[in-house]
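The values are calculated or read from the model by the stated rules, or taken from the named source; none is laboratory data. The shown structure was predicted, so the numbers you read here are calculated from the model rather than taken from an experiment. In this analysis, Cβ positions are derived from the backbone assuming ideal geometry, glycine residues included, and neighbour counts consider all displayed protein chains.
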Amino acid sequence: MTQHTDTLVLGAGMVGVSIACHLAMRGRAVTLVDRRAPGRETSFGNAGLIQREAVEPHPFPRDLANIWRVLPNQSVDIRYRAGAMLSKASPLWQYWRYSAPEAFARIVPEYASLIAHCTQEHEAMFVPAGAEHLIRRDGWLQVFRTEAAFEEFLAKARDFETRFGVTHARIDREALHAMEPGLGEAALGAIHWTNTWSVTDPGGLVQAYADYFVALGGTIKQAEATDIKRGDGHWALDTDQGTFSADELVLATGPWSPEWLKRLDYDLPMFVMRGYHMHYDAAEGAALNYALMDSEKGYLLTPKKAGLRLTTGAELNTIDAPPRLGQLEAAEREARDFFALGARREATPWKGARPCLADMKPVIGPAHGNDGLWFAFGHGHQGFTLGPATGRLIGQMMDGETPMVDMRPFRSDRF
């Protein structure tokens, strides 16, 4: 038996749940479908930052010094598997091209137009969802080991403030060690990003938004989707729990989007960047007061409900390849030298994948060539940050309103 609704949203990560909430707030009957409970995949394992300062996406390394550093495949911030890169040669080649200085300079203000709304849009959801207790509004610390790197990024921080309203404070060595006594002597200073927020339980925040969606009258179906079909004026989603149909379907499938795009005859230049995390105790007598990044090594250490979460940089690999734990182990070695880190809290590290498009911007809006089909994926490292903003934008476009930002840079046919 087919169950019909106004709108189907496939994918219950931060992006999909946020879209479902916004559409339900607009009075639509919405069914949210995922094989797992809300927020248990990519949204569960990130660093849990709502990154108002993240106005620049992550470009492909182009300078020789960086390429030479990454090439041995031993760095903490980025690793790769050659076979996976060959299988994604076309989108990675385009990623390289879009990372050229002139192209990247055009992309940054487009990307920043989304980031500018991230904190206010989260607040518009976590307050009515009763989840404000999960939010810390005290910013985070980007910590530096060398004066040259510190000064170079301070110049960038000043530019971010002037152009994009990002606020920061320069923290010298003495003040930094007063803020974080557990840091080692290698830390000489930090940028305190003051209008970024952190979340003590990222998966819990997604679940709170999902509960809010249900309170608004929405329906969540935990089911394995198997096919999408275009019917007579509607979309049908086949699952192992039956078929669901709707006038409109939103694909918010994150790193699994290429599989669905292929079924629907779309070819967008997508690839994934995988990541790992592990939780730790602090060493006896130590505490981590802020989320912090070891900037020149490329890992994040954040205080979470589950412990101190160590999050690696990016791994260019296929989504289902077996875990390669060398990157996490290297990050842990660096972190133990940098901070008073205690024992691991879990036996097995978490592994997830970030959905990336070649031009570093998500696709948000109507799918070209198919009425009633909508795309919302490709947020890279910032799906958790940009979920609520994406939800509002999809709602505005579906209802024929003028979106709060210019959506032309995020069209599905831009490639």
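Side notes on the structure shown:
- Residue match in region 180-197 (condition: part of a helix (DSSP H, G or I) and out of contact with any Pro (no Cβ under 7 Å at 6 or more places or on another chain)): no
- From the options Ser18, Ser75, residue that is hydroxyl-bearing (Ser, Thr, Tyr) and in contact with a Pro (Cβ under 7 Å, 6 or more places away or on another chain): Ser18
- So Gly352, is it among the small types (Gly, Ala, Ser) and over 23 Å from Met14 (Cα atoms): no
- Any chance Gly45 is in the same structural domain as Leu205 (by TED's automatic domain parsing), touching a Pro at 6+ places or on another chain (Cβ under 9 Å) and over 25 Å from Leu141 (Cα atoms): no
- Strands (runs of 3 or more DSSP E) within region 265-333 that include 1 or more residues of a type in the set (Phe, Trp, Tyr) and under 15 Å from His381 (Cβ atoms): 270-282, 299-304
- Just one of the listed residues (Phe126, Phe150, Phe144) is buried (at least 19 other Cβ atoms within 10 Å of the Cβ), in contact (Cβ under 8 Å) with a residue 60 or more places away in the chain and in contact with a Ser or Thr (Cβ under 9 Å, 6 or more places away or on another chain), namely Phe144.
- Contact map, region 170-187: first residue among the acidic types (Asp, Glu), second residue outside any strand (DSSP E or B), Cβ cut-off under 8 Å, separation 6 or more or different chains; pairs are Glu180/Ala187; Glu180/Leu288; Glu180/Asn289; Glu180/Tyr290.
- Members of region 157-179 that are in contact with a strand residue (DSSP E or B) (Cβ under 6 Å, 6 or more places away or on another chain), part of a helix (DSSP H, G or I) and under 26 Å from Ala105 (Cβ atoms): Ala157
- Test result for Ala236, outside any loop (DSSP other than H, G, I, E, B) and in contact with a Lys or Arg (Cβ under 9 Å, 6 or more places away or on another chain): yes
- Condition check for Asp337 on (1) within 24 Å of Ala287 (Cβ to Cβ); (2) modelled with pLDDT of 95 or more: one failure, at (2).
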